[in-house]
1. Any residue in region 209-230 that's closer than 17 Å to SER3 by Cβ: show its pairings with residues that are surrounded by fewer than 17 Cβ atoms within 10 Å (Cβ to Cβ) at Cβ separation under 6 Å, as long as the two are six or more apart or on different chains.
2. Taking THR170 as the residue in question, decide whether it is exposed (fewer than 14 other Cβ atoms within 10 Å of the Cβ) and either in a loop (DSSP other than H, G, I, E, B) or in the same structural domain as LEU111 (by TED's automatic domain parsing) (or both).
3. Any residue in region 22-42 that is modelled with pLDDT of 90 or more, closer than 15 Å to TRP120 by Cβ and either out of contact with any Ser or Thr (no Cβ under 7 Å at 6 or more places or on another chain) or charged (D, E, K, R) (or both)?
4. Which pairs do you get when a residue that is touching a residue at least 24 places away in the same chain (Cβ under 8 Å), found in region 167-178, comes within reach of a residue that is acidic (Asp, Glu), reach meaning Cβ atoms under 8 angstrom, with the pair 6+ apart or on two chains?
5. Taking LEU234, is it crowded, with 18+ Cβ neighbours inside 10 Å and assigned to a loop (DSSP other than H, G, I, E, B)?
Amino acid sequence: MQSDEVLTLLRDVSAEVIEPRFRALDDDQVSEKGPGDLVTVADREAEVLITAALTAAYPDALVLGEEAAAEDPGLLERFRTAEHAFTVDPVDGTRNFVHGSPDHAVMAAELRAGVVVRSWIWQPQHRVAYVAERGAGAWRDGVRLQRPPLGDGLRGVTSRRSWLGRALGTLRELELTWVCCGVDYPKLVEGEADYALYRGTKPWDHAPGSLLLSEAGGFVGTFAGEAYDAQAPLPSGLVAAADRATYDLVQGLLPGLPGLLGR
């Protein structure tokens, strides 16, 4: 499938099963996979449709969907060694979606030999699409993106609420992200934040945005100082940054922030 065909797939599935449920979910259409980890009928139906289309187009590829991985933990382990794979996050920012926030997204990424080579982010309520191809750039609705220059003072964000208001060295206090990687990473690319800290490292959350950000001049790496690897188990969190220098600065300051590396 060409990149525009995959994007059309995400848009069409969103229009069919996600957007009609926005601000229209019944109580029995929302459940918890774990404490505070919501899933909706829209997540499940969208993932089935996207997975079926990708599998039909690429029968030898492994498709790692967030909801399928919750049902079959072995799927994530098989993904770790897959030569050709896709990640699918049918509704990234499910909690936002459930509570009527437009800050949610439909995301997918393609990996070849462990490297993210293409990614797609569709924000259905904002009607904005982001596409990235390794070596060919990051794009918003067909317009090429480049991370704008850093301003005065680095703005750091995090979705981990226990970290809010804390500061790394002399940097500004951490603020709240948009609580959706499919919105956070585009905001980083567009200069609305300069770095983001994440404890969660699931590939369906970070593979799409990591390519978008890196193709626009940014850098994503672990708390331990390693470059992001979507297939590797990641025991520590992630820093997504405007550029490599910002990542190095932030990563070097992490040990000095009490409680940040703990629970």
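The values are calculated or read from the model by the stated rules, or taken from the named source; none is laboratory data. None of these values were measured; they are calculated from a predicted model. Counting neighbours? That spans all protein chains shown, and the Cβs are built from the backbone with ideal geometry, glycine included.
1. Qualifying pairs under 6 Å: GLU215/GLY137; ALA216/GLN146.
2. For THR170, the condition - exposed (fewer than 14 other Cβ atoms within 10 Å of the Cβ) and either in a loop (DSSP other than H, G, I, E, B) or in the same structural domain as LEU111 (by TED's automatic domain parsing) (or both) - is met.
3. No, region 22-42 contains no residue that is modelled with pLDDT of 90 or more, closer than 15 Å to TRP120 by Cβ and either out of contact with any Ser or Thr (no Cβ under 7 Å at 6 or more places or on another chain) or charged (D, E, K, R) (or both).
4. ALA167/GLU173; TRP178/ASP103; TRP178/ASP184
5. On the way: crowded, with 18+ Cβ neighbours inside 10 Å: yes; assigned to a loop (DSSP other than H, G, I, E, B): yes.
Yes: the conditions hold for LEU234.
For every residue, the table says whether it meets (1) out of contact with any Ser or Thr (no Cβ under 9 Å at 6 or more places or on another chain); (2) under 17 Å from ILE50 (Cα atoms); (3) surrounded by fewer than 24 Cβ atoms within 10 Å (Cβ to Cβ).
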| site | (1), (2), (3) |
| --- | --- |
| HIS84 | yes, yes, yes |
| ARG112 | yes, no, yes |
| ARG134 | no, no, yes |
| ASP141 | yes, no, yes |
| ARG144 | yes, no, yes |
| PRO149 | yes, no, yes |
